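A short reminder: the numbers here are calculations on the coordinates, not readings from a lab. Nothing here was measured: the structure is a model prediction, and the numbers come from that model. Note that we place each Cβ from the backbone using ideal geometry, even for glycine, and neighbour counts take in every protein chain shown.
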Amino acid sequence: MHPNEELIHTFYGCLARRDGAGMAACYHPEVVFSDPAFPRLAGAQAGSMWRMLCERGHDLAVRHTAVVADDQRGAAHWEATYTFSQTGRQVLNIIDASFEFKDGKIFRHTDSFNFWRWSGQALGPMGKLFGWSPPLRSAVRKKAMRGLLAWMVKNNVE
């Protein structure tokens, strides 16, 4: 198995155990992460997001498959089942991830998922009706970023 493929397995193994610090350790110090909720997190923000989600995800269940990697790039498919804390609704998020590597760590990480599908599950009727709309997506992004920044302040992360 390629070392970067092992790194991806380690990353998702940490997520399955809700080990956010272990996930952050897989990241290069200059990592850039993006997904539909967090369009651009750099450095400590990316690792902090996983630590925050692992801390809050009391019923988080994760399964990852289709891991491939070489010296420069990698990919994986993963699914997360959890209760969205803001609404108490159950979510099954189906995600495809792409990676770039540098110095034996994850340097770029992009998660892609259907935001409309996710918002319908997480937010209920409003998400089903308006999950496609830029204003709802923007509102979710702003709230997510405010939550992350507050978590980082509370936990003294710079």
Inset, instruction - Inspect region 65-80 for any residue being buried (at least 18 other Cβ atoms within 10 Å of the Cβ) and part of a helix (DSSP H, G or I) and give the result as yes or no. - result: no
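Going residue by residue through region 47-61, is there one that turns out to be part of a strand (DSSP E or B), over 12 Å from the mean Cα position of the chain (by Cα) and over 13 Å from Phe107 (Cβ atoms)? Explain how you work it out, then say what you get.
Initial filter on region 47-61 (part of a strand (DSSP E or B)): 61.
Now drop any that are not over 12 Å from the mean Cα position of the chain (by Cα), which leaves 61.
Cutting the leftovers down to over 13 Å from Phe107 (Cβ atoms) gives us 61.
Yes, region 47-61 contains at least one residue that is part of a strand (DSSP E or B), over 12 Å from the mean Cα position of the chain (by Cα) and over 13 Å from Phe107 (Cβ atoms).
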Legend entry - Criterion (of a type outside the set (Lys, Arg), farther than 11 Å from Asp111 by Cβ and in contact with a helix residue (DSSP H, G or I) (Cβ under 7 Å, 6 or more places away or on another chain)) met by exactly one of Tyr82, Tyr27: Tyr27
Inset, instruction - Could you grab me the full set of residues in region 2-53 that are without any contact (Cβ under 8 Å) to a residue 40 or more places away in the chain, buried (at least 18 other Cβ atoms within 10 Å of the Cβ) and closer than 20 Å to Ser119 by Cα? - result: Trp50, Leu53
